[in-house]
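Notes to accompany the following structure.
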Amino acid sequence: MVATLTGIFGVENLNLAEDVVQEALARALQTWPFYGVPKNPSAWIMRASRNLALDVVRRRKVFRNKQAEIVRLMEREKAGPDEAIFLEEQIADDRLRLIFVCCHPAIPADAQVALALKTLCGFGVTEISRAFLTSKAAIAKRLTRAKQKIRQAQIRFEIPAGEELVQRLDTVLQSLYLLFNEGYKASSGENLVREELCKEAIRLADLLAQHPAGNQSKTHALLALMLLNAARFPTRLDSEGNLLRLE
């Protein structure tokens, strides 16, 4: 949802996208117990988030300059993903597109992966700090600098072409690897294994492997590694959810 909203309202409104999604989730918790869960919960949250963001953007001067683009993109979302038209060498997935934005060379290298994990994967500062074996304060500073750079450099929500796209590939693959790694053995929470994170990493890696720029041996190698380890999921935990160790 954050990725989709970022595509509509611009990368400079990344913080806004994160804030309105959180607000929409809070409103869902407040209203659903009394009025019931809607037939399509994710669509409800997406619509609420989009309306909240639109209210904020309308109050800003920037709306006048971006109005036509926002209307066009909102119509695309209304039409549904099957009717969205993308050029052959574009990546038709908002989350994967945003990963490439997070890995923009204008953003400090040590902050690119951290920003991707925070923005797209929903990782908290604690989870990211464990992945990088560093302090939470250091990660918080990296994220702040990265978001400031996005605003200053006016980075657009678009996939680079040609050699520039290829140059970002290694960082994108690292982000997907860390996403899978967190799901394979969660660093926080009640569940030792978070299969939904692994499945999302596999989905994005597979999508990337089908793209002309991502169709490289290292992409396929990472995807194969993920699939090999995912095949062990049924035998990783016992009936009580405890981790089974190889003897």
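So the values come out like this:
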{"read-out": "Too-long pairs where the Cα-Cα distance tops 26 Å, listed order kept, from Lys118/Lys218; Lys147/Lys185; Lys39/Lys199; Lys118/Lys185", "value": "Lys147/Lys185"}
{"read-out": "Packing rank of 33-43, 104-114, where each peptide gets the mean count of other beta carbons within 10 Å, highest leading", "value": "104-114, 33-43"}
{"read-out": "Segment 126-145 and segment 169-198: distance between their alpha carbon centers, rounded to Å", "value": "16 Å"}
{"read-out": "Distance in nm between pseudo-label sites at Arg130 and Arg245 (7 Å out along the Cβ direction from Cα)", "value": "1.8 nm"}
{"read-out": "For Thr134, Thr171, Thr144, order by how many other beta-carbon atoms lie within 10 Å, fewest first", "value": "Thr144, Thr134, Thr171"}
{"read-out": "Ranking of Trp44, Trp32 by count of other Cβ atoms within 10 Å, fewest first", "value": "Trp32, Trp44"}
{"read-out": "Neighbour-count ranking [beta-carbon atoms within 10 angstrom, fewest first] of Leu96, Leu208", "value": "Leu96, Leu208"}
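FYI, it's all coordinate maths here, none of it is from the lab. Keep in mind the model is a prediction, meaning the values are calculated, not measured. Glycine gets a Cβ as well: all are built from the backbone with ideal geometry, and neighbour counts include every protein chain shown.
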